[in-house]
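I have placed the structure first, in the form of structure tokens, so that the comments after it can refer back to it.
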Amino acid sequence: MKQGMVSRKAGLLTVFFLLFFFTAFNVFALGRKEKNAANNHAGSGGKNTTTLIGRIQVYGNEPHTFVGIVDEHDVAYSIHPPNEEAELWKLQGYLIEFTVIFLDKPQGNAGLILGRTLTLIDWKVLN
């Protein structure tokens with residue numbers, strides 16, 4: 001009887017550890033997925049990148065603002081990830097050539113508001 005209880009506990013413990021490790025590794029991988037996607041695009045050697053000419057536009061009201069790009073055809077894009085917003089605020093009003101990757105789906109609240117999202121790779125001020 002004790003032998004069966006020990007075997008059953010060992011089996012349950014094994015299943016618990018396998019489930020725990022499977023879940024932990026998948027959660028870790030999902031957290032790194034966004035960082036890897038941005039890094040892969042930056043190091044893609046120009047694949048899937050597009051040049052876009054436009055201006056920086058700030059949307060929203062304080063304290064809920066975000067930076068977007070409006071191209072020459074008045075099409076607005078949100079930027080994902082928004083890690084360079086502080087630097088882009090300073091460039092508001094300048095004509096800028098952006099190197100970007102267009103994303104298939106809108107990302108974040110800014111993407112849902114504007115409807116289009118891109119990943120910013122590089123930029124150069126034209127005027």
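Near Leu88: Cβ cut-off under 14 Å, other residues only, Lys/Arg at +1 and Asp/Glu at -1. The net charge is -2. Extension gain, Val125 to Ala76: 0.36 nm times the residue separation minus the Cα-Cα distance gives 15.8 nm. Ranked from largest to smallest solvent-accessible area, with a 1.4 Å probe on the protein heavy atoms, Tyr77, Tyr94 come out as Tyr94, Tyr77.
Note: relative contact order over region 47-127, using C-alpha pairs below 8 Å and six or more positions apart, is 33 percent.
The values are calculated or read from the model by the stated rules, or taken from the named source; none is laboratory data. Just so it is clear, the model here is predicted, and its values are computed rather than measured. In this analysis, Cβ positions are derived from the backbone assuming ideal geometry, glycine residues included, and neighbour counts consider all displayed protein chains. Note: accessible area is taken over every heavy atom of the protein model, side chains too, but ligands, DNA and RNA are not part of it. Shrake-Rupley method; radii C 1.70, N 1.55, O 1.52, S 1.80 Å.
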